[in-house]
1. With axes computed from alpha carbons, what is the tilt in degrees of helix 325-341 against the longest principal axis of the chain, rounded to the nearest 10 within 0 to 90?
2. Identify, among 457, 478, 468, the residue whose Cα sits farthest towards the positive end of the charge dipole of the stretch 447-486, taking +1 on the Cβ of Lys and Arg and -1 on the Cβ of Asp and Glu, with the dipole about the Cα centre.
3. Within a Cβ distance under 11 Å of residue 143, other residues only, what is the Lys/Arg minus Asp/Glu net charge?
4. For the stretch 364-473, state the average projected area of the convex hull of the C-alpha atoms over all orientations, rounded to one decimal in nm².
5. May I ask you to derive the relative contact order of the stretch 69-186, considering only C-alpha pairs under 8 Å and at least 6 residues apart, and to give it as an integer percent?
6. Given the C-alpha centroids of the stretch 714-778 and the stretch 41-96, what is the distance between them in whole angstrom?
7. Please list, ordered by chain and number, the residues whose modelled amide H lies under 5 Å from the amide H of residue 178; skip anything fewer than 5 residues away on the same chain.
8. Quick one: Kirkwood hydrodynamic radius for the stretch 687-745, alpha-carbon pairs, angstrom, one decimal?
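Just so it is clear, none of the values below were taken in a lab; they were calculated from the coordinates. From a predicted model like this one, the values you see are computed outputs, not experimental measurements. Cβ: placed from backbone, ideal geometry, glycine included. Neighbour counts: every protein chain shown.
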Amino acid sequence: MASRTPFAGPLQVDPWRLTEQALLPAQPLLCETLLSLANGYIGTRGTLEEGLAGQSSCEGTYLNGVYSSEPIQYGESACGFARNNHTMLQVANGKRIYCELDGERIELGGALEHQRSLDMRQGLLQRQWQWQSKNGKRLLISSQRLVSMQHPELMCITYQLTALNFTGEVQVFSELDACYAPFSKKDDPRVGVFSIADTLNLQQQGFAGQQGWMLHRVHGSDFAVCAMMQHEWPAVAGGIRQLQQQPGVLCEQASWTLQQGEAASLTKWVLYRHQTSQHSSDLTAWCHQQLATLSQHSFADLAAAQAQACQQFWQQADVQIEGDAAMQQGIRFNLFSLWQSAGKDGHSNIGAKGLTGPGYDGHYFWDTEIYVIPCLSFTQPVVARQLLGFRYRQLDAARLRAREMAHSKGALYPWRTIGGEECSAYFPAGTAQYHINAAIAYAIRSYYLATADWDFMREQGIEMLVETARLWLELGFFNPRRDGAFEIHAVTGPDEYTAIVNNNFYTNAMAQLHLRFAIEMVAKLEAEAPERLKDWQLSAAELALWQQAAEQMYLPLDKRLGVHPQDDSFLEKQRWDFAATPKDKYPLLLHYHPLVIYRHQVLKQADVVLAMVLLDDAISPAQKARNLAYYEPLTTHDSSLSACIHSIACAELGQLEQALTFFGDSARMDLDNQHGNTEHGVHIACMAGTWQALVFGFAGLRSRPDGLHFAPRLPAQLPGLSFRLNYRGRILEFSVQQGKAQYQLQQGEPLTIYHDGEALQLIPQQPQQRPLLAGEVL
Ligand code: BGC
């Protein structure tokens, strides 16, 4: 099913920028997503300051980790069904600035030229346009926007007007608007209904000194949110500022007298902050004070600090590829988006769409653990640690969920959530995905292997491992009809085109890995702090049972086909008729009832193939090749989580052309809107998966307990690749030049790594080179 879509995005190809050179955006919603800015707490879509009259737009500013909650309405409910849905919080739009000249509204419709650009080295969205009034007066309008990486609660905008061919007065309005239009897409289950008016209940608002503010309570949850703005008006505004308000909208207005050729600019600081009733401090007072302090920093100061933060980020995370500028832009954009959207405070996570749009209601999925954390553990380990800390904070909620699901012990993490509660209304492709527990264990293992952060393991990691591991014994059983094999029934694996099956290979194999790692970590902890095991009432008998379950885990192999069956029933089903399925019937989930899909051999996304990538050398290359050859033609890649994993699997087997095709689909998934739904937000897992496709795929990195193993194979079209890894307190650089792989320890203690099984001793500043591996593995 691999087919490479040619570069087709609306933004220009450039290694460091996303530039739109259009008078009117051809795909406004798409560009709003792509030009989003975020800092892990605030996310704001790349909408225009003045709005887009007459065109569809999806306004949105979001706060990570903050949500409204609404009871899920079922036609037919049942015991244990998820009760409430959380929706990522939309807050007041502080970007809104618009102008009038001689009573005429200045809008993009009257533009003579227009350019916007997201600069990934500066962390800024810049815009410049020229507008002409009906009677020929021309204005140059420039704005710059940033969401501060240094100050999580702050967004800042500078807005400049230049009177090009006239002297006169312009009316400038700047708003804080909590009444903007809702957004929904009823025919697509992946997009929720996003209505700010339905989620925020206005408590108070007003102007105080230089600041305009509003305080809301959030529907169905315990959050209060304060949004506040402050301006520095230019001298041309004459110091006369008019304040207007209606419920949910605050507006400051000033008239600027501009001389011909004169430029004047406004600076606007916007602050957002939330708190729960557990905090007794006065939220509004805190915001007034904080904004007064932060507004001492000019836009230029904030921009300089932003550029510095970006520089530090790229220093650690940049990946360079030669030979394909579009791919280079894709990978940078993906990394930049991950950094922007990842929660960094331990109280928030990273949504499937980041902080860039309403898709999936802003929910957090296993995407974080299988896709994002393995990437961040090597590039931003501090952030990876915070994301794991977030899951630890929700461990009690996961314990509660396990009890609701009739498990007497352990914890079951929700398939999708923000606040910790299961929010999946469709349980066959939700709660049934028990493999979320294995994903969390896998992420803990990835992080630990990359960082050796034993403090984390002792304080949080092992407790999560234990509680999640316990659940496998609650869920599965030793089946006497299969000689006591440990079986797990009635679950859904990663592939959502098959649901509620027995012995999903991926789930069983990942549960085995999970149990074994948990046993190993418990033994290590026991030697140091045996009292922790007592706290968890973890007995030798329970551990022995885990061991037995891991050993006897049912992992079948179909003798006739020589492949791992996806589950007990998969291979018995009829194959999907791909030849008779027109292109416009994809993704299948939007065109066929789930039952039609479930009764066929057809995959939405990598399942056995994902297992074999994650399980590393536990499966032989010959077996991997057979599995890939069987499942690839059945995989639609309707999920954006799929192509990157197939790229890794192909690269490992030396099928480099195919690997490159899959990599290309992932690297520019959002820039080229390949799934046709980037309008509702970027695809975060795919973005992190792109990094994995380069690092785990082409560079062939496997992170094992004994160290880092590389097996680099590069397709001819990508002659050069380089990236850095943060590894157990060291900085390691991998690069490919002139057909050779080079390993260089840039910082830290000497280290042994492995190239195609050969041990290489790395000493700072003494690079080692080895030839690339060639050809197909089999
Ligand atoms: C995929 C899931 C994924 C979710 C959010 C779905 O389409 O099938 O695996 O977790 O999207 O990205």
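1. Relative to the chain, helix 325-341 is tipped by roughly 80 degrees.
2. The residue sitting most towards the positive pole is 478.
3. Numbers: positive: 95, 116, 127, 145, 268; negative: 49, 50.
In short, +3.
4. Details: hull surface 24.8 nm².
Mean projected area of the Cα convex hull: 6.2 nm².
5. Values: 172 pairs, mean separation 29.5, N = 118.
In percent, rounded to a whole number, it is 25.
6. 44
7. Under 5 Å from the amide H of residue 178: 93, 249, 250.
8. Working: mean 1/r = 0.0840 Å⁻¹.
Its Kirkwood hydrodynamic radius stands at 11.9 Å.
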